[in-house]
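Undergrad: Okay, here's the structure, questions in a sec.
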Amino acid sequence: QVQVVESGGGLAQPGGSWRLSCAAPGSIFSLISMGWFRQAPGKDREFVASISWSAGTTNYGDSVKGRFTISRDNAKNTVFLQMNSLKSEDTAVYYCKLLQLGSVYWGQGTQVTVSS
């Protein structure tokens, strides 16, 4: 019922910046948080960042702390991931996660490749 759609994947350069967006159109009751996970080839899916919908409390995975920033637009049910100082190891499929009270929804994923 709840659709989660990532956008903004593409090719970025090492040391550069990139921004991803994730939106869940429509009215969503009891939206708790939204966040990002990523999965690189041959690796497990790992936590990247999350933000609570009420207070805007953020959490970051150790591998991206200090480089990535998550933000939200509550009115549009949209979350952003600003990625700075990109490294080749940031290359992965990035998945958006929406946590509703009692349910979890995932986007299809968007590919981010960091390469020169």
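The values are calculated or read from the model by the stated rules, or taken from the named source; none is laboratory data. Since we're looking at a predicted model, the values are computed, not measured. Neighbour counts run over all protein chains shown; Cβ positions are idealised from the backbone, glycine included. Just so you know, the surface numbers come from the protein's heavy atoms only, side chains and all, with ligands and any DNA or RNA stripped out. Shrake-Rupley method; radii C 1.70, N 1.55, O 1.52, S 1.80 Å.
Undergrad: Quick one: in the stretch 61-89, which of the residues that are polar (S, T, N, Q) and on the phi > 0 side of the Ramachandran plot is most open to solvent (accessible area, probe 1.4 Å)?
TA: Looking at the filtered set, the residue picked out is S85.
Undergrad: Kindly state which strands (runs of 3 or more DSSP E) lie completely within the stretch 1-93 and contain at least 1 residues that are farther than 20 Å from S116 by Cβ and at pLDDT below 95. Reasoning before the result, please.
TA: Details: elements: 5-7, 10-12, 18-23, 31-39, 46-52, 58-60, 68-73, 78-83.
No strands (runs of 3 or more DSSP E) qualify here.
Undergrad: What is the residue count in the stretch 81-116 for residues that are under 16 Å from L31 (Cα atoms), touching a strand residue (DSSP E or B) at 6+ places or on another chain (Cβ under 8 Å) and touching a residue at least 40 places away in the same chain (Cβ under 8 Å)? Talk me through it step by step, then tell me what you get.
TA: First, pick out the residues of the stretch 81-116 that are under 16 Å from L31 (Cα atoms): 96-107.
Still in the running and touching a strand residue (DSSP E or B) at 6+ places or on another chain (Cβ under 8 Å): 96-101, 104-107.
If we keep only those that are touching a residue at least 40 places away in the same chain (Cβ under 8 Å) as well, we get 96-101, 105-107.
Residues flagged as under 16 Å from L31 (Cα atoms), touching a strand residue (DSSP E or B) at 6+ places or on another chain (Cβ under 8 Å) and touching a residue at least 40 places away in the same chain (Cβ under 8 Å) within the stretch 81-116 amount to 9.
Undergrad: Which of the residues that make up the stretch 1-59 are on the phi > 0 side of the Ramachandran plot and surrounded by 14 or more Cβ atoms within 10 Å (Cβ to Cβ)?
TA: If the condition is that a residue be on the phi > 0 side of the Ramachandran plot and surrounded by 14 or more Cβ atoms within 10 Å (Cβ to Cβ), then G8 is the only one that fits.
Undergrad: Filter the stretch 90-107 down to residues that are open to solvent by 40 Å² or more (accessible area, probe 1.4 Å) and among the aliphatic types (A, V, I, L, M) and give me whichever is nearest to the chain's Cα centre (by Cα).
TA: Filtering first and then ranking leaves L99.
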